[in-house]
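Remarks on the structure that follows.
The values are calculated or read from the model by the stated rules, or taken from the named source; none is laboratory data. As the structure is a prediction and not an experimental result, all values here were calculated from the model. Positions of Cβ are generated from backbone atoms using ideal geometry, with glycine treated the same way; all protein chains shown enter the neighbour counts.
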Amino acid sequence: MSFYPGKVIITGEHSVVYGHKALLSALSLGVTCEVESSSGVVNHATTDPYLKHILQLCSRELGVRDIETTLTLKITSTLPAKSGLGSSAAVAAAVITAVFEYYGQHLSSAKLYPLVLEAEQYVHGRSSGADPSIVVHGGSLLFQQGVTTPLESDFLTKQTFALVDSGAATESTGEMVALVAHHPEREALIVAIGAVSEAIVSQLQQGKYPVSLIRENHLLLARLGVVGAAAQDIIEQLWRMGIVAKITGAGGKTSGSGFILAWHEDSVFLREQVNRLGVSTIITQLGNNRGKYNEN
Ligand code: PMV
C-alpha cells in the first residue's frame, strides 16, 4: 500500500513555469493505492485514460507487459480533483510506487520524481515539476527550475489554514497554463509575481505571515486571468472579514478556481468566519506530511 499527499502552493503558481521560485506545502489529505493480482474485477485503468497512461509508463519502466490487465488497483483519495490540491501528481506517485512495490522494486524519491513528472505532463501539458516535487518529498519546500530546497522554518507547520472551495475548475491545468502564455501582459505580471514570491518566502523565513504580499500575489494572479468570478467573490468576502486569502494552484476562469488558501493568526476566528461563507471548507495544517508505502 502506498500513500502520497496533496499540496498547496503558498506562492509562485504560474510564475514557476517561467523559472521563478515557488513555495509549496504538503497536505495531510492524499491518495492511497493498493495493488492486487487481477481477479476479473473491473480495473480503473481500462476506463480512466490518466491511469492507463500511468500504467503504460510503469510497464515500460519495469519491462512488464499488460500491467493494466494483470493488476487490480484500489485507489482511495481524500483529495478533490481539479481543485489545485495536487490530485494528479498524488495519484501518479501512489500508483507508480504501489505497482513497483508489487514487482519487488523500491523507488527512492530521486527515482520516483521524474516518473511522476512524466505522468503529470499528461494533465499539465508542460508541468514545471513543482507539484511532483512536493508530492514526492512532502513537508514544505522551495522549488525553482527543477531544484528543490526544504523551507528553513517551521513557522508554517504551526499555523492553521482553511481551504475554501470555490468550485472545481472547468479548465485543465494545461489549459490555464496556455491561457497565461497568451496573456498580453504576461512577462511583466510573471516578473512581478516572481518578486512578490521572493518577498513572501523571506518573511515566512523570519516567522511572519506576509499578509499584504499574499494579497498582492492574488491580485497579480487575478490580472493574469486565472481567477473566476466565484473565487474572486469569496476572496473579497474573506478579505473584508480580515482573513488573508488567495487562490492556490492553476486557478480557473469560467466556473470555479479550485480551493482558496485562507489564513488568520487566530484559528478559532478563522473557523468561525469561513463557516459563515456556507461553502465547503477544509481546516488543515500544512507541511507535516510525507508520502509512504509498504505500510498498513
Ligand atoms: O493547480 P495545480 O495543482 O495543477 O497546480 C499547477 C501549478 C502551475 O504553476 C499553474 C503549473 C505548474 O506546472 O507548475
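Every residue, every condition in (1) touching a residue at least 24 places away in the same chain (Cβ under 8 Å); (2) assigned by TED's automatic domain parsing to the domain that holds LEU24; (3) among the acidic types (Asp, Glu), yes or no:
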residue: GLU185; (1), (2), (3): yes, no, yes
residue: GLY207; (1), (2), (3): yes, no, no
residue: PRO210; (1), (2), (3): no, no, no
residue: VAL226; (1), (2), (3): yes, no, no
residue: ALA231; (1), (2), (3): yes, no, no
residue: MET241; (1), (2), (3): yes, no, no
residue: GLY249; (1), (2), (3): yes, no, no
- Kindly indicate whether LEU238 is assigned to a loop (DSSP other than H, G, I, E, B), away from the ligand (no atom under 16 Å from the Cβ) and buried (at least 16 other Cβ atoms within 10 Å of the Cβ). no
- Sort through LEU51, LEU27, LEU73 and tell me the only one that's away from the ligand (no atom under 16 Å from the Cβ), among the hydrophobic types (A, V, I, L, M, F, W, C), in the same structural domain as LEU107 (by TED's automatic domain parsing) and within 20 Å of the chain's Cα centre (by Cα). LEU51
- Query: Can you pull out the residues in the range 102-125 that are surrounded by fewer than 19 Cβ atoms within 10 Å (Cβ to Cβ) and not hydroxyl-bearing (Ser, Thr, Tyr)?
  - Reply: GLY104, GLN105, HIS106, ALA110, LYS111, PRO114, GLU118, GLN121, GLY125
- Item | Unique residue being outside the structural domain of GLY167 (by TED's automatic domain parsing) and over 14 Å from the mean Cα position of the chain (by Cα) when the list is GLU13, GLU34 | GLU34
- If we scan the range 81-93, do we find a residue that is assigned to a helix (DSSP H, G or I) and away from the ligand (no atom under 13 Å from the Cβ)? yes
- Message: touching a residue at least 40 places away in the same chain (Cβ under 8 Å), farther than 16 Å from ALA250 by Cβ and within 18 Å of the chain's Cα centre (by Cα): which single residue out of ALA93, ALA81 fits that description?
- Response: ALA93
- If you take the residues in the range 108-133 that are among the aliphatic types (A, V, I, L, M) and either in contact (Cβ under 8 Å) with a residue 24 or more places away in the chain or out of contact with any Pro (no Cβ under 8 Å at 6 or more places or on another chain) (or both), which one is nearest to the ligand (Cβ to nearest atom)? ALA130
- Note on the structure: Being of a type in the set (Asp, Glu), more than 28 Å from VAL274 (Cβ to Cβ) and part of a helix (DSSP H, G or I) narrows GLU120, GLU152 down to just GLU120
